[in-house]
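Here's the structure, in structure tokens; my notes come after.
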Amino acid sequence: MRFYDCSKLANIASVMSYPYSCRKIQELGTEIASQFNMNSCSVENELEQIISDIHLKATASDTNFWCFISEDEYPNLKQIALQLMAMFGSTYLC
């Protein structure tokens with residue numbers, strides 16, 4: 001990935017940093033599926049499930065939010081979150 005490709009991920013990164021801000025699940029699911037080569041229906045389903053989980057919403061402000069997410073329940077979203085974190089994991093060192 002090049003820096004000019006980062007603009008393609010801006011919307012996805014925004015939602016992944018706080019999934020409860022997502023309003024257009026179908027549109028975002030399609031965008032995620034095309035960028036990460038995933039099934040859009042399963043991504044949309046995971047987005048709907050995670051948004052409706054009130055226990056997870058209580059921990060959403062935590063900086064380690066994705067550590068609380070089960071890879072068994074949300075495999076696609078967890079994979080995307082890990083990939084995005086890996087891209088920017090060492091930027092705090094700059």
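The values are calculated or read from the model by the stated rules, or taken from the named source; none is laboratory data. On a predicted model such as this, the values are computed, not experimentally measured, just so you know. Quick reminder, even Gly has a Cβ in these numbers, built from the backbone with ideal geometry, and neighbours come from all protein chains shown.
Cβ-Cβ under 8 Å, sequence separation 6+ or interchain: first residue in segment 21-44 and without any contact (Cβ under 8 Å) to a residue 12 or more places away in the chain, partner of a type in the set (Lys, Arg). Which pairs?
none
If we keep just the residues of segment 19-32 that are among the charged types (D, E, K, R) and not in a helix (DSSP H, G or I), which is surrounded by the most Cβ atoms within 10 Å (Cβ to Cβ)?
Lys24
Among the residues of segment 33-51, write down those that are part of a helix (DSSP H, G or I) and polar (S, T, N, Q).
Correct list: Ser34, Gln35, Ser40, Ser42, Asn45, Gln49.
How many of the residues in segment 52-75 are modelled with pLDDT of 85 or more and assigned to a helix (DSSP H, G or I)?
2
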